[in-house]
Amino acid sequence: MAIKESKLRRKIQSMEVMMDMNTTPLIDVMLVLLVMLIITIPIQLHAINLDMPVGVPPSNLDKPQIIKIDIDQNNVVYWQGSSVTPEVLAKDMAEIAQQSFQPEVHLRPNKNCKYSVFANVLATSKRMGLTKIAVIGSEQFIQ
């Protein structure tokens, strides 16, 4: 009797539905599609010929003039080391903006100056037509 029960139990276990999906056919189909894609893609052999300039590039022997504008922690603006008012700053910027070869303007704000003063200097430089402006000393703002 025990033998019949064990055979019956094995038969019931073998009749259970297998819950795992067979992925082998899926992988085979994907590999076939990949091979077909690789075969059908045309090889890109066209090239664009560019005429590159030949010769020696012109040397820039002239060092650009540098105008230094500093803003200290008390929100005082300095033009080349001397303190200036906003009106004088605008006048000086207008003078250098009229030059054919504009100098570089290096703006160095202090970490503790007001942003409104810094923004006013930038707005004045844009209004006067200066194009070569660099903010120097930004490493002091890294915390």
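No value in this document is a laboratory result; all are computed from the given coordinates. Given the structure is predicted, the values throughout are model-derived calculations rather than measurements. Using ideal geometry, Cβ is built from the backbone for each residue, glycine included, and neighbour counts are taken over all protein chains shown.
Net charge of the neighbourhood of Gly129, taken over other residues with C-beta under 14 Å away and scored Lys/Arg +1, Asp/Glu -1, is +2. Computed from backbone phi with θ = phi - 60° and the Karplus coefficients 6.51, -1.76 and 1.60, the 3J(HN,Hα) list for the range 115-122 is 5, 4, 5, 4, 5, 5, 5, 5 Hz; x is used for glycine and proline. What the phi angles of the range 33-41 give under the Karplus curve with 6.51, -1.76 and 1.60, with θ = phi - 60°, is a coupling list of 5, 5, 5, 5, 5, 5, 6, 7, 6 Hz, glycine and proline written as x. Look at [x] 1.38; [y] 2.62; [z] 1.17: the one that is Cα Rg over 2.2 N^0.38 Å derived from this structure is [y]. Backbone amide hydrogens, once placed in the peptide plane, bring Ile133 within less than 5 Å of Val105, excluding anything fewer than 5 places away on its chain.
Farthest toward the dipole's positive end in the chain, which of His106, Trp79, Val32, given Cβ charges of +1 (Lys, Arg) and -1 (Asp, Glu) about the Cα centre? Value computed over the given set: Val32. Scan the range 61-138 for trypsin sites (Lys or Arg not before Pro) in coil per DSSP, keeping those whose Cβ has at most 16 other Cβ atoms within 10 Å, and list them by number. Passing both the DSSP loop test and the Cβ count: Lys111, Lys114, Lys132.
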